[in-house]
1. Free of Cβ contacts under 8 Å to residues at least 40 places away in the same chain and either facing chain B (nearest Cβ under 10 Å) or not polar (S, T, N, Q) (or both) - does that describe any residue in the range A:420-435?
2. I'd like the residue in the range A:452-470 that is within 13 Å of chain B (Cβ to nearest Cβ) and closer than 19 Å to A:Phe378 by Cα and, out of all such residues, is surrounded by the fewest Cβ atoms within 10 Å (Cβ to Cβ).
3. Counting only residues that are surrounded by 24 or more Cβ atoms within 10 Å (Cβ to Cβ) and either closer than 24 Å to A:Gly333 by Cα or at pLDDT 90 or above (or both), which one in the range B:262-278 is farthest from the other protein chains (Cβ to nearest Cβ)?
4. Can you give me the number of residues within the range B:391-412 that are more than 23 Å from B:Asp327 (Cβ to Cβ), touching a Lys or Arg at 6+ places or on another chain (Cβ under 9 Å) and of a type in the set (Asp, Glu)?
5. When residues of the range B:203-253 are filtered for being in a loop (DSSP other than H, G, I, E, B), in contact with a Ser or Thr (Cβ under 9 Å, 6 or more places away or on another chain) and at pLDDT 95 or above, how many remain?
6. Taking the stated definitions as given, is A:Ala414 among the aliphatic types (A, V, I, L, M), surrounded by fewer than 21 Cβ atoms within 10 Å (Cβ to Cβ) and within 13 Å of chain B (Cβ to nearest Cβ)?
7. From B:Gly184, B:Gly164, grab the single residue that is outside any loop (DSSP other than H, G, I, E, B) and within 12 Å of chain A (Cβ to nearest Cβ).
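The values are calculated or read from the model by the stated rules, or taken from the named source; none is laboratory data. Model, not experiment: these values are computed from the prediction. When we count neighbours, we look across all protein chains shown, and the Cβ atoms used for this are built from the backbone with ideal geometry, even at glycine.
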There are 2 protein chains.
Amino acid sequence: MDSSSSLTLLNPNFKSLFYPKSIAIIGASKNLIGGSKYYFALKSSGYIPHEGKVFLVNPRVSELFGEPVYSSISDIKIPKPIDLAIIAVSAKIVPKVLLECNNQVKFAVVYTSGFGESGNMELENELRAVIAKIDTRVIGPNGLGVLNPYAKLNIYPNWVLYEGNLSWVAQSGGTMARLYMCLGPLGIGFHNVVSIGNAYGISITELLSHFYNDSLTKTIALYLESIPNGREFMDLAKQITPKKPIVLWKGGQSERGSKATASHTGGMAGSYDVWQAMCKQSGILLADHFELFQDLVQVAYVRPKLPKGLRVAILVAGGGIGVEFTDTFQKQGLIIPDFDDSTIEGLSQLLPSVNTNFKNPIDLGEMGYDPRLFEKAFLLVLKDPNVDIVVFVREPERFEIISELLRIPDAQKATVESLTRIAQQTDKPIFCNPSMNKDDEKAYAIRHNFQITMIQAGIPVINYMLNIPKIILQLNNYRKFLDRQSTSNSA
Amino acid sequence: MDSSSSLTLLNPNFKSLFYPKSIAIIGASKNLIGGSKYYFALKSSGYIPHEGKVFLVNPRVSELFGEPVYSSISDIKIPKPIDLAIIAVSAKIVPKVLLECNNQVKFAVVYTSGFGESGNMELENELRAVIAKIDTRVIGPNGLGVLNPYAKLNIYPNWVLYEGNLSWVAQSGGTMARLYMCLGPLGIGFHNVVSIGNAYGISITELLSHFYNDSLTKTIALYLESIPNGREFMDLAKQITPKKPIVLWKGGQSERGSKATASHTGGMAGSYDVWQAMCKQSGILLADHFELFQDLVQVAYVRPKLPKGLRVAILVAGGGIGVEFTDTFQKQGLIIPDFDDSTIEGLSQLLPSVNTNFKNPIDLGEMGYDPRLFEKAFLLVLKDPNVDIVVFVREPERFEIISELLRIPDAQKATVESLTRIAQQTDKPIFCNPSMNKDDEKAYAIRHNFQITMIQAGIPVINYMLNIPKIILQLNNYRKFLDRQSTSNSA
C-alpha cells in the first residue's frame, strides 16, 4: 500500500440514523423479544415521549400497549420520509417490507435473521437486490441496530445510556452488548453503537468515514468477522488512525473459527496472518479475543499515549508479583531494562533497604504504600532515560489497612490524587494492575470502584496481567506506524 | 528418569508442626505487624484459648495484651519440647535464638527476612549451619509459616479458615495469601498451607512426602522459585501424581525473572525449558502465572478427570462466542472435531433450526437456555465418539430473564441440577465459562454465587476463556504420563 495515497474520505450523512426524529417499528407485536423490545427500550430511555415520535406497524393488530398500530408505513399520517424504521418481520417478507420503505423511510434496521448465515442464499440474493435498488439505507440484516445515548436511542429496555466518545460497530449482537455493558459501568461512554449483522447495506467503511468526521467520536472500536473489501477498509483506516485510534477484534482467525463465522454472519473471514500484517501497516490496534479487546479499548480511550520502545519498569510491592510480571513480560518480548544509577540512588535515599529491591522489577516494600513516597518513587522511575513504560501494582484491597498502619486519612484517595498529577505530567504510557487478592463481593466492589476512579484520573487499569504485554506490543506497532507516516509526509 | 525407580517415600512426622498443642511467639512486641500478628491470628481463629497454649517471648517486655511475656524459651515452665515456635526477631539474632530452641522446640517458623535474599550471605551461612546442627526443624526464613484450618492454626487476624483437601506450599507469602483468599471463598478448602520462604530447613520434598501420606490431602499446589535438588523433587513427584494431582507454578522462568527470584527468596531458578520437560515427565500440572495457576488448582481439586485426547465440543448460546472459542482453542493446538451424524440429527430433533447451529461450535440459540433442552443437548454431545472434552458457556446473568421468558421458577437451579447429574454420569472433563456480560457489582455477585454452586456440583468454572485451552493441554500431558506409567507397570 502506498502511504501517500489519499482516498477521499466520504462524509455520509447519518444524522437521521443516529439522531432520528421519528421511528417506525415494523413487526411490533405482543412478543416482547421481537420488535416490541425496541418500543420498551425507547420508552425506558426517555426517547418516548421526549425526543421523537415512535410508530408501531403491524397489519394484523390495531392497538398495542395502549398505542395505535398502523397497517403499513404509508398509513402513518406524517410528512415522509420517516427517519428510521426497525424491521422485525419474518425473513421471507423482509424484501417486500423494504420495498415499501423506499422513499418513505431514510434508514432501516433489519433485525430479522435467516438469510445467508442460515444457508438461505436465495433469500439473501433477493434481499441484496432490493437493498441495492431502494433509497432507504439499510443496517443489517441479523443485527440489533443502533444505540446513541445522546439521542436517547436505546436497544434494550433498562439498558443504562452511557454517554461518551467511543463509537462501536459489531458484527455480533452479543459482542456489541458485552462491550457496552463491560465498559459503560467503568465510566467509558459511547456516542454511536451499531450492531451491523451481515452488513448487506451500509458498510463498515461508510460508518468509519462517518466516525472520522464526527466530532463526538474520539475512539473507534470494531468487532468484524468479515469485510468484503479489505483493501478499501485498510486504506481508509490508515487515514483515520493518525487522528483517532481504531481498535479491532477480528473474529474467525482460525480455519474452523472462520467456518463458524459463515453460519454466524454469513461472510468468509480471510487469512488472519494477512489481517495482522494489514493492521500493523494501518496503525490499527488488534485484539484476538474479548478480554484483550476490552482492555485495548479502555487504553485507547483513557490514555492513548504511545511508548517510544519496549523498555518496561515494573513497580510493585511484594517480591512474588515482581517475578511473575518479569517472567510474563520478557517471555512476550518486552525488555526489563536496568535503571540508570541515579534512579537506584534516588530510590535508596527514599526507602528503607530491608524488604525492598531497587532494581527492575522494583519492590517498594510496605513503605511504598505511603502515597507520598510512592509518588516520589514513581516520578524517579518515570524520569529514567532507560524506561519507556511504567507498569505498577496497587492493590486497592489493601488501602484500608494501609491507612490504618500509616495513620493517614485515606490512602486510596491520596494515591489516586498523586497518580492524577503524575499522569498529567508524563507522555509515557502507564498501566495499573490491581492484583486481585480476594475473590469475594466486598473485594470486587473495592477493586471496581478503584478502577472507576483511576479511569477518571486518566490511568487504565488492566485486571488480567497477561493482557499488559499484548497491549504494549500493539501500542508500539501503532507508534511505529505513526513514525513512518510522519517520515513519509515530511519527505 | 527410570519410571520403575522406587524412591523411598519418607514419611516425616509433621504432626506437631501442623497440629501444635503449644506455640511460642519469640519476638512478640507492641508492633502489630511483627510476631504479635500471630498472637491475634491465633486468638481470632479460636486456637486461643480452645486448641492449645500460646506463650509470648521477649526479654525486654514482661506483659503484652494482658498476657505474661517470658524472657526466653527456657523460662516457659511447661514440660518441653514445645511443639512450635514462631521467630520474629531481627535477622542478626535469629541463629542465637534458634540455638536456644534446640531440644526445647520441635518446629520453628522463621518469619524474619534479611538473609541471602538481601545479599547477606554471611548471615545466611551462619543460619544454615545452625539449622543443620540443631534438632529443631525449621520452616523459613523469610516465610509466613503454617496455616491449618482443622487445627485453628492461623496466620493473619480475621482470615477465615477454609477447611478442605488442598495442601499448598508457596515460596512467597503474598502468593500464599492470594491463592488462599481467591479459592477459599469459592468453596475450595485447605488442609495444610505453608509459606516456606527461603527453605533453608524443612524442604519442599519433605513436605511433598508428608502430603503423599496425609489422608486429608487430595490435591497439592506449589509455588516454587527454586529448589536445590530438582532431580529428587521430580522423582518424588512421579510417585505422587498417580495418586494425587500436583499443580506447580514455577516463578523465575525468564532470564530477568530468574534474577528477580534471587532477591526475593535467594535461590537460582534454573532453565524453564528443563522444568517444563520435567513436569511433563512427572505428571505435574504446570502454570506460568497466577490466574492460570488458580484455575488449574480449581480443576485439579473440583474435577480431576483427564481427557482421552484434544477433541473439544464447544456448546454456547450466541454465534460470536462460538467463533471466539473456536479461534482461541484451535490456535492453541486443540481440535474442534466434526460431530457424528447421529449427534447432529439428535440436536435437530431437539431444537429449532432458526438462530441455531448444530455443527461444532454449537449455537443452541435462545431455546438452549431451557434447562431441560440444555440437559438433553449436553448429553447428546457428551456421548459423541469424536468428543473428548465439553466446554460450555452458561451466562448466570441471564438466568433471571430466562426464567421469566420460559416461565419456569428458577432456570439457574434447574440448570445446575441437570449439570450435577451430567457431571456424575461422565468421565469426560467438562468446563464452564460464564462469559462476563456486565462489569458491575450486581453482575459480579451473580457470577460469583453461580461459580460457588457449580463447584459444589463438581464442575469447574473458568472465568478467563484464554485459560481453558492451556488447562486442557496440561490435563492431556498428565493423562499421557499416567498412560505411560500404567504401560511400564504392566510390562
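1. No, because not a single residue in the range A:420-435 is free of Cβ contacts under 8 Å to residues at least 40 places away in the same chain and either facing chain B (nearest Cβ under 10 Å) or not polar (S, T, N, Q) (or both).
2. A:Ile455
3. Our first condition is that a residue be surrounded by 24 or more Cβ atoms within 10 Å (Cβ to Cβ); within the range B:262-278, this holds for B:264-266, B:269.
Checking which are either closer than 24 Å to A:Gly333 by Cα or at pLDDT 90 or above (or both) leaves us with B:264, B:269.
Working: B:His264: 3, B:Ala269: 9 Å.
In this case the residue turns out to be B:Ala269.
4. 1
5. 8
6. Here the answer is no, as A:Ala414 does not meet what is asked.
7. Working: B:Gly164 fails: within 12 Å of chain A (Cβ to nearest Cβ).
After ruling out the rest, the residue left standing is B:Gly184.
For every residue, the table says whether it meets (1) outside any strand (DSSP E or B); (2) surrounded by 19 or more Cβ atoms within 10 Å (Cβ to Cβ); (3) within 14 Å of chain B (Cβ to nearest Cβ).
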{"position": "A:Lys43", "(1), (2), (3)": "yes, no, no"}
{"position": "A:Pro49", "(1), (2), (3)": "yes, no, no"}
{"position": "A:Ser74", "(1), (2), (3)": "yes, no, no"}
{"position": "A:Thr112", "(1), (2), (3)": "yes, yes, yes"}
{"position": "A:Glu117", "(1), (2), (3)": "yes, yes, yes"}
{"position": "A:Asn125", "(1), (2), (3)": "yes, no, no"}
{"position": "A:Ala129", "(1), (2), (3)": "yes, no, no"}
{"position": "A:Ala132", "(1), (2), (3)": "yes, no, no"}
{"position": "A:Leu147", "(1), (2), (3)": "no, yes, no"}
